[in-house]
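First comes the structure, then the notes that go with it.
The values are calculated or read from the model by the stated rules, or taken from the named source; none is laboratory data. What you see is a predicted model, and the numbers here were worked out from it, not measured in a lab. FYI the Cβ positions are ideal-geometry reconstructions off the backbone, even for glycines, and counts take in every protein chain you see.
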Amino acid sequence: MFGKKSSIVLGFILLLIVLVALVGCSITASNPGESDTPSGAETAVPLRIGLLAPENSPFFVTLQEGAQEAANRLNVNLIVRDAGNDIAKQNEQIQEMIDMGVNAIVITAVDSTAVAEKIEAAAAAGIAIFTVDRSVDSNVVVSHIASDNTAGGKMAGDYLAETIGKQGSVVELEGIAGTSAAQDRGAGFNQAMATYPNITIVAKEVANFNREEGQTVFAQILADQPTINGVFAHNDEMILGAIAAAEEAGRANDIIFVGFDAVDDAVAALETGSLTATIAQQPAEMGRLGVENAVKYLQGETIPDNIAVDLALITR
Amino acid sequence: MIRNLSLGQRIGLGFLLIGLLVLLASGLGLALTGSVTRTITATQSGLQQFDDLAHLERTWADVAAVVDRMLLTRQTGGAIEDELQTAVTEFEQQLTALGAQPVTNEQNATTIETLQLLGQQLTDLVNEITAVSRQGSWSRAQVIRHTEMSSLQRRFEESLAVYRTSIQSSVDTAVTESAQAQNFLRLIWTGTVVLAVVVGTVAGWWVMRSITVPVNALIAQTRRVTERDFREITPLTYQDEIGELSRAFVEMTNLLRESYSELEQRVADRTRALLTSTQVSRQLTTILDQNKLIQEVVTQINAAFDYYHTHIYLFDADKVNLVMVAGTGEAGQQMLAQGHKIQQGKGLVGRAADQAAPVLVSDVSQAQDWLPNPLLPETKSETAVPILIGEEVLGVLDVQHNVLNGLQQADVDLLQSIANQVAIALRNARLYQELDAQARRATLINDINQKILSTTDMETAMKVAIREIGQLTGAAQTSIRLQTAGGTNGRLAAEVEGSHE
């Protein structure tokens, strides 16, 4: 009797082992990824990101709006400052960000070299640095987000050349010397011009991205140059100034004007016909990308060193 | 533990083990099939989702293409706006379809929400572009197209990429898990096979040993018994059938031993009985005195076979009563003194005499015509054997035993053979007595003749004859009467008075 009982017990034990093994198998097989679902989904405390603009021109206002939109979307506390084109003020604002202990700074430098030291201090304080539109001469920058200004300059140059029939005299109004935007746009424009042997750049003057300066500088050029077929300015402000000067001089209809940035005034000018074309940057997109990439970086993702933002030719 | 199992249970256990291994293997196969099925399902679902996303992306591209064409050709209203509306509608339908699919995880749900939000923004933006275009603000429309709409497109594509990655990762996970499951199952399967071989071999050897060892032990015990070695056998201590067989074998051997020794005892008894019978016969032939003979017979039988009591009855002259003539022990003496006798046909003795056949009562309490004898209170079994000469019954040899079933047919047969010899001896004795008497008479007659012949005259001769005959016969008066021829009354020629004294 004992033997029989024990053989039943043994049988049951073996059966149990088999069942456990089978169940174990099917559990491991049927519950995939239970362990690798991401745990801490959202950080409870919102990230704080400082957005430092060089001035409050429409371009940067739009950029800031895009950044704000992304910040709202990503639950980021965005602190916005503009420096009014004052290097010292921008440095103060950087210090303010350091003092506040923000997680990241998204900056468009007033001057690429002048803020480098402060930016490095901020990076040393553990703040992630992102540059937008204009670069900073430092290797602490996580990523530089900007339009491909060289491509934009070339695009503008090609359009201007085509419009004036690939021959004639053109003028280039340059932005603030030392800014990457001015350098790259000028380089792209000149690359394009070099392919048109019948086009001569009769004048190349700095107008510091400023409408009044553009007007003043171009008025002088008008006075100097009897024949001008086209003008390319490194930004819309300067081209609008140039248009104003040409209108004053009564030569606006003889000249093809090509700007850069597609700000609202420029778009209005396109629609009135005084401006022929402009290169549309995506300031809002730059702001968004600045904030989005800062958040991604802070969440541990790898961000490329350079993020190019597409440009588009906007015509009349 | 296995030692305690019966052979049947051991074999059953073997089958159970095989069954379990088969179950395990087939279960693993099923699990593997399940894993493969899941992988296929996940892959198919992933492919379907990829397809859906590609379709969604294409409809977005369609919308962008129509917008671009509108901006390039500077046309509003009518056909182009219808076309745009169609593209937007299809895009929205795609988006709705995507949202309607079952969502596998939270991340995908978020991504789909984002895509839907972006889709809504695209619709708004397309409407704005259309509105701006209608107003002739083509430049503004272009700006919107190249800034806001591009941004939307970028974010849309990013979300799509996230979604695709998630799908890909689900598929990859399923494939990886399937591969892992296969590896695991391969391992288990190999393990099962190895286990089956190892355990099977060991268990098989063990079970074989567990059977052959006791069987060999049992065979050795059997051999011993076949060689008539009936010494005590220790039963094997197994709990199984072999143990049972061994115990049965031990019992059988014990029985065999008992019956063997009983047989030997019986042979010895029989030999002794035959010896006794021979002895009795030999002695009987030498005894011619009937009474002495009878007494000797009962004494020897009783002593030789250790019976409780033996006695012999002989018929009286009238053949009516069977009179006890010899008996053993004090009871025998007393009965002799009392002149114990039994009427013909009464009791076992009477019946035996009546039927001229032996009567055996192994248990006297069961026999109705058994006559209890107060002098023999311990009698448990009794046999009465007739003493026969041909058809004539001379008497009965009666033997009693104080052991139940103490008397058997073998005793009866033996006693019958002794009784037959007793009968012969009795007849011999009687014949001898008769011959002896005749011889004596002849001698006397011869003597008388001699004496008569020695006389010289008639008178003397007659006197001698009368005297001698008177002496011989013991008659009180002896006389000779002479009868003359023709005379009616004999004249006493001579009368001799004689006496025996």
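Couple of notes before you dig in:
- Test for B:Val280: is it in contact with a Leu (Cβ under 8 Å, 6 or more places away or on another chain), in a helix (DSSP H, G or I) and crowded, with 17+ Cβ neighbours inside 10 Å: no
- Residues in segment B:236-270 that are more than 15 Å from the chain's Cα centre (by Cα) and at pLDDT below 85: B:Leu236, B:Thr237, B:Tyr238, B:Arg266, B:Asp269, B:Arg270.
- The set of residues in segment B:202-222 that are in contact (Cβ under 8 Å) with a residue 24 or more places away in the chain, over 16 Å from B:Gln239 (Cβ atoms) and among the hydroxyl-bearing types (Ser, Thr, Tyr) contains only B:Thr222.
- Condition check for A:Asn208: more than 14 Å from chain B (Cβ to nearest Cβ) and surrounded by fewer than 24 Cβ atoms within 10 Å (Cβ to Cβ): yes
- Subset tally (residues that are of a type outside the set (A, V, I, L, M), more than 10 Å from chain A (Cβ to nearest Cβ) and in contact with a helix residue (DSSP H, G or I) (Cβ under 8 Å, 6 or more places away or on another chain)) for segment B:189-199: 1
- Residue in segment B:74-87 that is on the phi > 0 side of the Ramachandran plot, among the small types (Gly, Ala, Ser) and either part of a helix (DSSP H, G or I) or without any contact (Cβ under 8 Å) to a residue 12 or more places away in the chain (or both) present: yes
- Hits in segment B:1-11 (condition: part of a helix (DSSP H, G or I) and at the interface with chain A (Cβ under 7 Å from one of its Cβ atoms)): B:Asn4, B:Gln9
- Considering only residues in segment B:156-188 that are among the charged types (D, E, K, R) and more than 8 Å from every other protein chain (Cβ to nearest Cβ), the one that is nearest to B:Thr123 (Cα to Cα) turns out to be B:Glu157.
- The one condition in (1) among the small types (Gly, Ala, Ser); (2) outside any helix (DSSP H, G or I); (3) more than 23 Å from B:Gln300 (Cβ to Cβ); (4) under 45 Å from the mean Cα position of the chain (by Cα) that B:Ala384 fails to fulfil: (3)
- Screening segment A:232-316 for helices (runs of 4 or more DSSP H) wholly inside it with 1 or more residues that are more than 12 Å from chain B (Cβ to nearest Cβ) and of a type outside the set (D, E, K, R) returns the ranges A:236-249, A:283-298.
- Of all the residues in segment B:303-313, those that are crowded, with 19+ Cβ neighbours inside 10 Å and among the hydrophobic types (A, V, I, L, M, F, W, C) number 2.
- Test: residue in segment B:287-306 that is more than 30 Å from B:Asp436 (Cα to Cα), aromatic (Phe, Trp, Tyr), in a helix (DSSP H, G or I) and at pLDDT 85 or above: no
- Considering segment B:109-124, the residues that are buried (at least 19 other Cβ atoms within 10 Å of the Cβ) and free of Cβ contacts under 8 Å to residues at least 60 places away in the same chain include one that is nearest to the other protein chains (Cβ to nearest Cβ), namely B:Leu118.
- Long-range neighbours under 8 Å by Cβ, at least six apart or interchain, first residue farther than 15 Å from B:Ala465 by Cα within segment B:430-446, second part of a helix (DSSP H, G or I): B:Arg430/B:Gln290; B:Gln433/B:Gln290
- Options A:Ala83, A:Ala124, A:Ala88: the member that is closer than 30 Å to A:Glu205 by Cβ and either over 20 Å from the mean Cα position of the chain (by Cα) or in the same structural domain as A:Arg251 (by TED's automatic domain parsing) (or both): A:Ala88
- Tally, over segment B:437-448, of residues that are at pLDDT 85 or above and of a type outside the set (D, E, K, R): 6
- Hits in segment B:325-367 (condition: crowded, with 19+ Cβ neighbours inside 10 Å, among the β-branched types (Val, Ile, Thr) and not in a loop (DSSP other than H, G, I, E, B)): B:Val325, B:Ile342, B:Val349, B:Val359, B:Val361
- Among (1) assigned to a helix (DSSP H, G or I); (2) surrounded by 14 or more Cβ atoms within 10 Å (Cβ to Cβ); (3) of a type in the set (Val, Ile, Thr), the one test that B:Ile233 misses: (1)
- Hey, B:Arg467 without any contact (Cβ under 8 Å) to a residue 24 or more places away in the chain, surrounded by 11 or more Cβ atoms within 10 Å (Cβ to Cβ) and among the charged types (D, E, K, R) or not: no
- Check on A:Phe189, within 26 Å of the chain's Cα centre (by Cα), assigned to a helix (DSSP H, G or I), of a type in the set (Phe, Trp, Tyr) and within 22 Å of A:Val263 (Cα to Cα): yes
- Any hit, segment B:27-36, residues being buried (at least 17 other Cβ atoms within 10 Å of the Cβ), more than 11 Å from chain A (Cβ to nearest Cβ) and part of a helix (DSSP H, G or I): no
- Listed by first and then second residue, the pairs linking a residue in segment B:129-141 that is without any contact (Cβ under 8 Å) to a residue 40 or more places away in the chain and facing chain A (nearest Cβ under 8 Å) to a residue that is in a helix (DSSP H, G or I) and acidic (Asp, Glu), with Cβ atoms under 9 Å apart and 6 or more places separating them unless they lie on different chains, are B:Gly136/A:Glu271; B:Ser137/A:Glu271; B:Ser139/A:Glu271; B:Arg140/A:Asp264; B:Arg140/A:Glu271.
- Of the set (1) of a type outside the set (Lys, Arg); (2) over 24 Å from A:Asp148 (Cβ atoms); (3) in contact with an Asp or Glu (Cβ under 7 Å, 6 or more places away or on another chain), all apply to A:Leu311 but (2).
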